[in-house]
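One structure below.
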Amino acid sequence: MRSVIQYSDKQDWTEGMGGSLVFGRTSLVWLGLIVLLCGVPLLSPAQTEQVPVVQEVSNTDEAAAASAPEQMVNPPQNGTISGTVEDQLGAVNAGATVQFFGEKESESQEVLSGDNGEFSFAHIAPGPFHLTISAPGFVAQEVAGVLHPGQFYIVPRIMLAVSGGASEVHVKLSPVEVAEEQIKEEEKQRVFGIVPNFYVTYDPDPVPLNARQKFHLAWKSTTDPVTFIGVGTLAGFEQAADEYSGYGQGMQGYAKRYGAAYAYIFAGTFIGSAVLPSVLKQDPRYFYRGTGRTRSRIGYALANSVMCRGDNQRWQPNYSTIMGAFAAGGISYLYYPSSNRSAGLLVQNSLIKIAESSLAGIFQEFVVRKLSPRARNQAQSQP
C-alpha cells in the first residue's frame, strides 16, 4: 500500500513535473513566436526610414566630393575692361573720370583717362557692368555691357560732346578759316534772291582773302548761271542795235557777240579781281560802309574804283581795278571785228569798266542791301 502510494505520488509528481515542463516549453515557443512576429513590424519601419536618409547623405557627400576638385581645377577667371575717351573733334580726352559699377556695390572702381585718353580696369569678376564717363565742360556718357570669364573687353569709342553751358570751352579759328566762312556767306548774297552779289562784304571787320580764295570767288562769279543769262541778254541787245556790225546777224552773229561779251567779263573778272589782287596784295571786294552822311557815303562809293583796301588793312590806290580794266580792254581788242578795232575802243572799254565800278559802289551803298534778303538778315543779327 505504502509502495503503491509512493509510486502514485511519484507518478503524480512525475506527471506534474512532466506537464509543467511541457507547458513551459510550449509557452516559451509561443512567446518566442509572438515576440518575433511583433518585433518584425516594429523594426521594418525604422529600417525603411533610415535607408533613404543614409542614401541622401551619401549622395550629397558624393556630389560635394565630385564638385570640389572641379572648382579647384577650373576656378572663375577675372577679365579686363579698357577703352579710349575722345571729344567730338576726335582728339583724346585726358583726365576724364571713368567709374566702374559691377553686380556688387563693393566692386565699384574709379580711374582717370591717361594722356592718350585710355583707361583700364583689371581683375574684374565676370558679369554685367556699367561705366559712367564724365569730364568738366562735357556731357557725361554711360556704357553698359557683360564681361565673360577671362575676357579682355574693349569698350567702343567713347565720344564726349561739349556741354551747352560750358562757357570755358573756346574754339579759335585761323584767319584762313574765318575768311572761308565769310566767303560762304558772300556766295549766298543775291539781289532779289537771284542776281549774284558776291563781291561785297557787310562784315565790319572782314579778314583779308588769300590768293586761292580770290580765284575761287572769281570762278564762282563767272560760272554762275545768272552770269550766262546776263551775257546772253547783253548779246541780244547788241545784235538788235547792230553793234559790232562786223559780226553780222543771225545765229552766227549772235554767237560771236555772246562769246565776245563773255570773254570780256571773264577776262576782266579774273585779271582785275583775282590775278592782280593776288600779286599786289589787294582786296577786290566792296566794303559796305552804311553809316555817315549821304554825301560822305557817296564820295566813299565813287572812290571805290580808284581806292581799295590792301591785305594789310590799309587804304591804297586801286591798281587792280584800273590795270585790270585796261588789260581786259586790250584782250577784247584781239577778238572784236577788225572794222571796230581802234585805240579809242580800247580806252572806251577801259573807262567804262572803271565807271561801272564806281556806279556799282553807289548801288551797293544805298540800294543793293535793301534788295538782298541775306544781307538784311545779317544786318539784323549784328549787334
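The values are calculated or read from the model by the stated rules, or taken from the named source; none is laboratory data. Worth saying up front: this structure is predicted, and the values here are computed from it rather than measured. FYI the Cβ positions are ideal-geometry reconstructions off the backbone, even for glycines, and counts take in every protein chain you see.
Below is a table of values for the structure above.
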| read-out | value |
| --- | --- |
| Residues that are more than 23 Å from Leu89 (Cα to Cα), among the acidic types (Asp, Glu) and under 30 Å from the mean Cα position of the chain (by Cα), drawn from region 102-138 | Glu110 |
| Residue selected from region 231-245 under the condition under 25 Å from Pro196 (Cβ atoms) and touching a residue at least 24 places away in the same chain (Cβ under 8 Å), by the criterion farthest from the chain's Cα centre (by Cα) | Ala235 |
| Residue list for region 119-131, restricted to those being surrounded by 15 or more Cβ atoms within 10 Å (Cβ to Cβ) and either farther than 26 Å from Gln77 by Cα or free of Cβ contacts under 8 Å to residues at least 40 places away in the same chain (or both) | Phe119, Gly127 |
| Within region 287-316, tally of residues that are within 21 Å of Ser350 (Cα to Cα) and either surrounded by fewer than 11 Cβ atoms within 10 Å (Cβ to Cβ) or not small (Gly, Ala, Ser) (or both) | 6 |
| Checklist (1) more than 23 Å from the chain's Cα centre (by Cα); (2) exposed (fewer than 13 other Cβ atoms within 10 Å of the Cβ); (3) polar (S, T, N, Q) applied to Gln189, failing item | (2) |
| Check on Ala325, at pLDDT below 90, among the aliphatic types (A, V, I, L, M) and assigned to a helix (DSSP H, G or I) | yes |
| Members of region 331-350 found to be of a type outside the set (S, T, N, Q) and either over 53 Å from the mean Cα position of the chain (by Cα) or not assigned by TED's automatic domain parsing to the domain that holds Tyr258 (or both), listed by number | Tyr333, Leu334, Tyr335, Tyr336, Pro337, Arg341, Ala343, Gly344, Leu345, Leu346, Val347 |
| Sole residue being modelled with pLDDT of 90 or more, outside any loop (DSSP other than H, G, I, E, B) and within 21 Å of Asn304 (Cα to Cα), chosen from Leu209, Leu217 | Leu217 |
| Gln252 assigned by TED's automatic domain parsing to the domain that holds Pro317, surrounded by fewer than 15 Cβ atoms within 10 Å (Cβ to Cβ) and assigned to a helix (DSSP H, G or I) | yes |
| Residue within region 246-262 that is in contact (Cβ under 8 Å) with a residue 24 or more places away in the chain, closer than 22 Å to Val367 by Cα and small (Gly, Ala, Ser) present | no |
| Selection within region 211-235 - within 29 Å of Leu280 (Cβ to Cβ), exposed (fewer than 14 other Cβ atoms within 10 Å of the Cβ) and not hydrophobic (A, V, I, L, M, F, W, C) | Arg212, Thr223 |
